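Notes follow the structure.
The values are calculated or read from the model by the stated rules, or taken from the named source; none is laboratory data. Given the structure is predicted, the values throughout are model-derived calculations rather than measurements. Reconstructed Cβ throughout: ideal geometry from the backbone, glycine too, with neighbour counts over all protein chains shown. To get the accessible areas, we keep the full protein, side chains included, count just its heavy atoms, and leave off ligands, DNA and RNA. Shrake-Rupley method; radii C 1.70, N 1.55, O 1.52, S 1.80 Å.
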Amino acid sequence: MSKTKIKQTSVSVIGIAVTTLATYLPYFKNTYGIDTSTMILSQKQMLDGYLSQGRFGIVWLFHLFIRNYNNQIVPFIVVPLLVLAGIYLYFILKKFDKSSSNFALTLFAIVFINNPVVYSQLYFKMQAIHIVIGLFCVLIGTHLCLPENKNVVKIIGGAVLFGFSLLIYQVFAFFIFSMFLLSMLLFKEKRTQILQSMFPSLVVAGIIYVISYIIASMTINYSSYGTETYMMWNKLGTLGVFQKLGAILMFLIALGYTALFVITALRLKSGKKLTECS
């Protein structure tokens with residue numbers, strides 16, 4: 001590696017680290033949300049609540065590694081891990097994206113790690129470490145699906161990692177699907193390969209979650225809290241004008257993503273080069 005590339009890489013790594021630390025600096029303040037307070041007062045009660053919402057991965061990780069929750073040390077674990085996640089994503093992009101500039105790759109890594117979706121999920125500190133673990137599962141699973149020498153082991157490995165991230169929190173479906181679409185966009189010469197390796201991993205991950213959910217339903221009474229809070233389509237009539245427009249826009253974007261995926265799959269089936277989509 002030339003001195004210029006080493007310098008560029010060093011600047012990018014430092015930039016990701018500094019930006020992430022600056023973004024999450026307020027996170028070091030020892031704040032308590034209502035869920036965090038519940039966790040501190042009764043860890044079993046909070047974990048039972050997670051089970052009722054289908055977040056099995058969080059509960060498993062607590063049982064394995066966190067016997068007594070400590071709110072104060074969470075930022076000192078989470079923020080350095082976020083820095084490492086940003087740097088890891090940067091090196092994934094740098095390895096497989098040969099057309100984008102180093103600045104663009106760095107900016108993308110910074111935006112992905114510091115975006116509002118990640119930040120908002122870390123607001124509840126008692127689940128923050130688990131969210132970062134799920135984020136690494138998504139990144140590593142994506143990494144496994146990108147090399148040219150794909151095989152069944154890598155596809156299964158990606159599926160297990162994606163599946164576990166879903167078991168931690170269902171919101172990772174958004175992250176996984178976003179990484180799938182972004183990989184299709186960024187790695188144009190690998191579109192066929194991504195579709196053949198990453199998509200089966202996504203399907204198997206979904207099956208893993210559904211099977212786990214059904215098996216757990218034999219012993220757990222699921223709460224309707226998540227559906228009532230996050231799935232607001234049945235309450236569309238009660239929303240304001242701008243909220244309705246936002247909901248409709250989200251639906252149209254999702255519809256567009258679905259159409260793009262179907263078109264890409266049809267092009268692959270017909271034997272056309274997927275790089276022609278760009």
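The residue among Thr20, Tyr50, Asn30 whose Cα reaches farthest toward the positive pole of the charge dipole of region 1-96, with charges on the beta-carbon of Lys, Arg, Asp and Glu, is Thr20. Taking only protein heavy atoms and a 1.4 Å probe, the accessible area of region 53-136 is 71% carbon and sulfur. Protein heavy-atom accessible surface, 1.4 Å probe, per residue over region 153-204: 37 Å². Summarising the label geometry, the points placed 7 Å from Cα in the beta-carbon direction at Ala259 and Ile220 lie 3.7 nm from one another. Between Val153 and Phe124, residue separation times 0.36 nm minus the direct Cα-Cα distance comes to 6.9 nm.
Calculate the FRET efficiency for Leu21 and Leu64 from the Cβ-Cβ distance with a Förster distance of 30 Å, rounded to the nearest 0.05. Efficiency for this residue pair is about 0.55.
Taking each residue as 0.36 nm, the span from Phe174 to Thr38 lengthens on full extension beyond its C-alpha to C-alpha distance by 46.2 nm. Modelled spin labels at Phe242 and Val111, positioned 7 Å past Cα toward Cβ, are 2.3 nm from each other. Overall form of region 88-227: oblate. Here a/c, set by the Cα gyration tensor axes a ≥ b ≥ c, is 1.5 or more, and a/b is not larger than b/c. Look at the Cα gyration tensor of region 118-197: its axes a ≥ b ≥ c give a/c of at least 1.5 with a/b over b/c, and that counts as prolate. If the segment from Lys188 to Tyr213 were pulled out straight at 0.36 nm per residue, it would be longer than the present Cα-Cα gap by 5.4 nm. How would region 19-158 be classified by its alpha-carbon gyration tensor: rounded, prolate or oblate, with rounded meaning a/c under 1.5 and the a/b versus b/c comparison settling the rest? Oblate, since a/c reaches 1.5 and b/c is not below a/b.
The accessible surface of region 137-226, taken with every protein chain in place and a 1.4 Å probe, is 73 percent carbon and sulfur. Per residue, the solvent-accessible area of region 64-140 (1.4 Å probe, heavy atoms of protein chains only, all protein chains present) comes to 45 Å².
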